[in-house]
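J.: Okay, here's the structure, questions in a sec.
The values are calculated or read from the model by the stated rules, or taken from the named source; none is laboratory data. Computed from a prediction, not measured in an experiment: that's the story for all the values here. Every residue, glycine as well, gets a Cβ built from its backbone with ideal geometry; the counts of neighbours run over all protein chains shown. Please note that ligands, DNA and RNA were not included when accessible areas were found on the heavy atoms of the full protein model with its side chains. Shrake-Rupley method; radii C 1.70, N 1.55, O 1.52, S 1.80 Å.
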Amino acid sequence: MNDQLPRHLVGLSKFLSLVLRHDPGAIGLELDANGWTDIATLLAKAAAAGRTIERADLDSVIALNDKRRFSLSDDGLRLRAAQGHSIAVDLAIAEATPPALLYHGTARRFLDAILQQGLRPQSRNHVHLSADTTTATEVGRRHGSPVVLRVDTAAALAAGVRFYRADNGVWLADPVPAHCLALADPPAA
Ligand code: HQG
């Protein structure tokens with residue numbers, strides 16, 4: 001994780017994820033309806049809350065983050081998290097046509113519930129899916145012994161599931177019914 005991000009910037013990346021995805025109020029910040037903050041306001045609010053952020057460090061986190069977690073506006077003045085929100089934001093990204101298969105990495109202990117109930121977004125706004133099993137395995141490992149499900153996207157589309165592609169390429173979806181899910185083949189030895 002954070003392969004290219006210098007170790008001393010990992011804490012800043014996590015702080016930005018907290019503020020821009022889950023709890024802007026922690027530093028008295030308000031995001032707009034689409035999840036953006038003005039960078040000058042972000043830096044001022046963070047400083048007032050006791051967290052001074054060097055502009056160069058912020059630029060490094062945005063540029064070097066392995067998952068491109070943070071998106072800059074076209075004019076370079078505003079910042080938002082690309083995905084992963086638990087607060088209500090409208091990312092205003094267009095529905096996208098997914099590849100035939102997408103993957104979801106989870107922990108083995110969640111498998112029975114997921115195969116019964118389908119994939120739910122839990123605390124986030126969307127179900128998060130990956131385009132490849134390697135990435136999905138890493139996502140699953142965050143929760144425990146990883147297992148990868150494959151999503152039959154044609155079946156999901158037929159069931160009314162909408163798919164979106166976040167600024168950083170992560171696939172986002174509505175809840176995915178169980179009949180669209182199957183265990184993915186284990187990676188070739
Ligand atoms: C599981 C990271 C029981 C689901 C990653 C997952 C991703 C169920 C957990 C992004 C369930 C939620 C999101 C059901 C789903 N019953 N468990 N019916 N449906 N679950 O962290 O997808 O590094 O909210 O399988 O790379 O793991 O933060 O979602 O295990 O892109 O940038 O409930 O977070 O990105 O966990 O990860 P999460 P996720 P960052």
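J.: Name the shape class, rounded, prolate or oblate, that the alpha-carbon gyration tensor gives for segment 7-81, where a ≥ b ≥ c are the square roots of its eigenvalues, rounded holds for a/c under 1.5, and otherwise prolate holds if a/b is larger than b/c and oblate otherwise.
T.: rounded
J.: Quick one: if you stick a label point 7 Å off each Cα along the C-beta vector at Asp32 and Leu64, how many nm between them?
T.: For Asp32 paired with Leu64, the spin-label model returns 3.0 nm.
J.: Continuing with the same structure: Can you give the calculated 222 nm mean residue ellipticity of the chain, where each DSSP H run of n ≥ 4 adds -39,500 (n - 2.57) and the sum is split over every residue, rounded to the nearest 500 deg cm²/dmol?
T.: -7000 deg cm²/dmol
J.: Under the 0.36 nm per residue contour assumption, what length would be gained going from the current alpha-carbon distance of Leu115 and Arg142 to full extension?
T.: Extra length available between Leu115 and Arg142 comes to 7.8 nm.
J.: Just to confirm a number: summing +1 for Lys and Arg and -1 for Asp and Glu over residues other than Ala96 whose beta-carbon lies under 15 angstrom from that of Ala96, what do you get?
T.: Taking every Cβ under 15 Å from that of Ala96, the sum is -1.
J.: At R0 = 22 Å, how high is the FRET efficiency between Arg51 and Arg7 if r is their beta carbon distance? Nearest 0.05 is fine.
T.: Numbers: r = 18 Å, r/R0 = 0.82.
Plugging the Cβ-Cβ distance into 1/(1 + (r/R0)^6) gives 0.75.
J.: To continue, here is another question. Would you mind working out the accessible area per residue for the chain, using a 1.4 Å probe, and quoting it in Å²?
T.: 53
J.: OK, next. Take the alpha-carbon positions of segment 101-183, form their convex hull, and give its projected area averaged over all directions (one quarter of the hull surface) in nm².
T.: If I average the Cα hull's projected area over directions, I get 4.9 nm².
J.: Also, quick follow-up: Can you run the Rg to Rh ratio on the chain? Use alpha carbon positions and the Kirkwood inverse-distance Rh. Before the final figure, lay out each step's value.
T.: On the way: Rg = 17.6 Å, Rh = 17.6 Å.
That ratio equals 1.00.
J.: Using Cα-Cα distances under 8 Å and only pairs 6 or more residues apart, what relative contact order does segment 7-81 have, in percent?
T.: Details: 66 pairs, mean separation 25.0, N = 75.
Value for segment 7-81: 33 percent.
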